[in-house]
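Trainee: Below you'll find the structure I mean.
The values are calculated or read from the model by the stated rules, or taken from the named source; none is laboratory data. Since this is a predicted model, take the numbers as computed values, not measurements. Note: ideal-geometry Cβ built from the backbone for every residue, glycine included; neighbour counts use all protein chains shown.
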């Protein structure tokens, strides 16, 4: 007889989400639903009728962790719709921004993921905030890496959070030679730190993968060898930066994308029948409470070739670099392996950028209503923005953000794991939930009528 | 000395560099301080009032070399919104130690921005040296243009120097034609915002300077903060600035005090006037020094 347990809210990631899990008598998940319960932002609706300059700025406000990805994706979606070609040096500045964003975001994920993990060779869980070694120097290294990412974002993007410098047509300002030297020095400083951090984190994750049990709720929970395995495919537009509909070989195909309602994809109404007050923090939801995932999910369910797909570091690594580790640990390791590339690419781009070249296109056509899309490889995966611009005004705007893709995929990956470890799997996706929220429409009986209407 | 703010020392000073003095308004203190600070790494860039699109229309610029700094020598009696660059200096210019020069109100803005960095993320700790200049009032460019072209009957393109002193606004040209008009003629061209200002000698700057109180070719310098004191003393030691005691200097601090009192009491009266109930729509401003 299966029982239902709900973990709400899930912790140590961005945004608000919850887990509704059907488990068997051994506590193994038979069916898991991971859903966003973040209130709707309404950005896609707000964008309609605004100018193409405003919309990327509004879109970036959807979140504070990867605003760079949203700014770049929305800007490039406008450019794709209007057919704007940006100067090479503007592209290089955007690449630096992209790498800076990835560097700081991955470092941030490390601090969120570490408390699940053990110091290798011991049964002590890592507390990243302890003043004791070896954890103290790791925490400091993470902060330094974040400082470097944010400072470079600030120099090139004008602002570390919600960058002001990118614009439709390129960038507002080029950087000065002194600023470029600073970017270069900071990136150089990051090389040894990023390498040490990558090696440390991989060792910690590998150690977790080899362990037989993890302590949860005051008991030893067996870790399955296939923790977080799923059978879904991967989707990535580019190993580092992104792709738009203007590219000769676009990395993403809108014809293969379909968005369906959570109604069709999530569980119906369930009563919680299992509770554990020892679950951190504050216990799981009380037994007897009702949960209704298909109504409560605040996302659409995007499908690629009719199936949910995984996006993110492992998708990029699998598609472009033949990486083949599966499961939650494999995903975490893939993320760590992206550190070095983001630092080296930053240096390469800083090397190549001409600080006295123009960084904005001479001519910006005002758009004729054609659909344009841009897929930006945000730290958490492929962030696709679609737009139609006519006479300088945005007619239609849609954001297909990484965690929206990952919600249904990760829900599949929960099957077979002990429910106590469900959050470990969720955290491996480095979820960033707030941008992954879409609007749904209810009728007078609270039945879901349409989601596509208001996208 | 109620209206002169707190200061550690006051000097009669001028630049030790002939190049700077040649084009300086008075003692060339701001240019010399920034030049010394740039050379020695106290700052890595300075926000100054550079040349703009029209003659004597200042435009803020970031000088990262002494050559760039020299382009901004001399006073332009119009508004240069230097604070507008303060964030950009830390961004695409990549500066870590900023020098900024401004009128008393601008220095107040800098300090307020350091206290409440709204829209100035990561900027407060990067202000290394804030130099203030004495300021009685400021003119919008159109007002200045009219004063020069109409009242002084001089084409503004031909002007080599403008000066306010001894109750007169003076315009000097290359051909040697000098025009002077009494200041009471210029009052109506002043910015209305200047009439609520209760600061004459940039009380919140690290160092504040102006011509009042010292003979021609010299400046009065108030050294106010520890950072200002360290930088000023080193600049004097290195010979960039010649500083002498204010003792016995005529007209001396009495004149500075007199003008400061004049400005502040006059503006306080205006503030009270605005606070009167017939002008209830105009809210009284709080005295920032109480």
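Trainee: I need a count of the residues in region B:170-190 that are out of contact with any strand residue (DSSP E or B) (no Cβ under 7 Å at 6 or more places or on another chain) and within 13 Å of residue B:77 (Cβ to Cβ).
Mentor: Selection size over region B:170-190: 0.
Trainee: Here's a follow-up. For the list (1) buried (at least 24 other Cβ atoms within 10 Å of the Cβ); (2) modelled with pLDDT of 95 or more; (3) in contact with a strand residue (DSSP E or B) (Cβ under 8 Å, 6 or more places away or on another chain), I need the number of the one condition that residue A:384 fails.
Mentor: Every listed condition holds for residue A:384 apart from (2).
Trainee: Taking region B:48-73, which residues are surrounded by 18 or more Cβ atoms within 10 Å (Cβ to Cβ) and within 14 Å of chain A (Cβ to nearest Cβ)?
Mentor: B:61, B:62, B:63, B:64
Trainee: Being surrounded by fewer than 18 Cβ atoms within 10 Å (Cβ to Cβ), more than 14 Å from chain B (Cβ to nearest Cβ) and free of Cβ contacts under 8 Å to residues at least 60 places away in the same chain narrows it down to one of A:131, A:115, so name that one.
Mentor: Only one candidate qualifies: A:131.
Trainee: State the number of residues belonging to region A:359-369 that are surrounded by fewer than 18 Cβ atoms within 10 Å (Cβ to Cβ) and out of contact with any strand residue (DSSP E or B) (no Cβ under 8 Å at 6 or more places or on another chain).
Mentor: 3
Trainee: Of the residues A:97, A:72, which single one is more than 14 Å from every other protein chain (Cβ to nearest Cβ), under 22 Å from the mean Cα position of the chain (by Cα) and on the phi < 0 side of the Ramachandran plot?
Mentor: On inspection, the qualifying residue turns out to be A:72.
Trainee: Based on this model, can you work out whether residue A:294 counts as touching a residue at least 40 places away in the same chain (Cβ under 8 Å) and crowded, with 17+ Cβ neighbours inside 10 Å?
Mentor: yes
Trainee: Next question. Would you say residue B:127 is within 14 Å of another protein chain (Cβ to nearest Cβ) and crowded, with 21+ Cβ neighbours inside 10 Å?
Mentor: no
Trainee: Shifting gears a bit: Which condition breaks for residue A:5 when tested against (1) under 18 Å from the mean Cα position of the chain (by Cα); (2) part of a strand (DSSP E or B)?
Mentor: In the conditions (1) under 18 Å from the mean Cα position of the chain (by Cα); (2) part of a strand (DSSP E or B), residue A:5 misses (1) alone.
Trainee: For region B:266-288, state whether one or more residues are under 20 Å from the mean Cα position of the chain (by Cα), closer than 24 Å to residue B:102 by Cα and at pLDDT below 90.
Mentor: Yes, the conditions are met somewhere in region B:266-288.
Trainee: So, one more: Could you please give the count of residues in region B:7-33 that are in a helix (DSSP H, G or I), touching a strand residue (DSSP E or B) at 6+ places or on another chain (Cβ under 8 Å) and surrounded by fewer than 19 Cβ atoms within 10 Å (Cβ to Cβ)?
Mentor: Of the residues in that region, 1 qualify.
Trainee: A further question on this structure: Quick one: would you say residue B:78 is out of contact with any helix residue (DSSP H, G or I) (no Cβ under 7 Å at 6 or more places or on another chain) and more than 13 Å from chain A (Cβ to nearest Cβ)?
Mentor: For residue B:78, the condition - out of contact with any helix residue (DSSP H, G or I) (no Cβ under 7 Å at 6 or more places or on another chain) and more than 13 Å from chain A (Cβ to nearest Cβ) - is not met.
Trainee: Could you figure out which of (1) within 15 Å of residue B:49 (Cβ to Cβ); (2) within 14 Å of another protein chain (Cβ to nearest Cβ) isn't true of residue B:106?
Mentor: Only one criterion is unmet by residue B:106, namely (2).
Trainee: Of the conditions (1) farther than 28 Å from residue A:428 by Cβ; (2) in contact with a helix residue (DSSP H, G or I) (Cβ under 9 Å, 6 or more places away or on another chain); (3) in a helix (DSSP H, G or I), residue A:84 fails just one. Which one is it?
Mentor: Residue A:84 satisfies every listed condition except (3).
Trainee: Looking at A:394, A:353 in this structure, which one is touching a strand residue (DSSP E or B) at 6+ places or on another chain (Cβ under 8 Å) and at pLDDT 95 or above?
Mentor: A:394 is the lone residue from the list that is touching a strand residue (DSSP E or B) at 6+ places or on another chain (Cβ under 8 Å) and at pLDDT 95 or above.
Trainee: Return yes or no: is residue A:156 in contact with a strand residue (DSSP E or B) (Cβ under 9 Å, 6 or more places away or on another chain) and either within 13 Å of chain B (Cβ to nearest Cβ) or at positive phi (or both)?
Mentor: Yes; evaluated as a whole, the condition is true for this residue.
Trainee: Taking region B:148-168 as the search range and keeping residues that are touching a residue at least 40 places away in the same chain (Cβ under 8 Å) and more than 16 Å from residue B:55 (Cβ to Cβ), which one is surrounded by the most Cβ atoms within 10 Å (Cβ to Cβ)?
Mentor: If we take residues in region B:148-168 being touching a residue at least 40 places away in the same chain (Cβ under 8 Å) and more than 16 Å from residue B:55 (Cβ to Cβ), then B:164 is surrounded by the most Cβ atoms within 10 Å (Cβ to Cβ).
Trainee: Just checking, which of B:94, B:119 is buried (at least 18 other Cβ atoms within 10 Å of the Cβ), out of contact with any strand residue (DSSP E or B) (no Cβ under 8 Å at 6 or more places or on another chain) and within 14 Å of another protein chain (Cβ to nearest Cβ)?
Mentor: B:94
Trainee: Has region B:175-182 got at least one residue that is in a helix (DSSP H, G or I) and either within 16 Å of the chain's Cα centre (by Cα) or not assigned by TED's automatic domain parsing to the domain that holds residue B:21 (or both)?
Mentor: no
Yes/no matrix, rows are residues, columns are (1) within 29 Å of residue B:94 (Cα to Cα); (2) modelled with pLDDT of 95 or more; (3) in contact with a helix residue (DSSP H, G or I) (Cβ under 8 Å, 6 or more places away or on another chain); (4) assigned to a strand (DSSP E or B):
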| residue | (1), (2), (3), (4) |
| --- | --- |
| A:63 | yes, no, yes, no |
| A:79 | yes, yes, no, no |
| A:100 | yes, yes, yes, no |
| A:121 | no, no, yes, no |
| A:145 | yes, yes, yes, no |
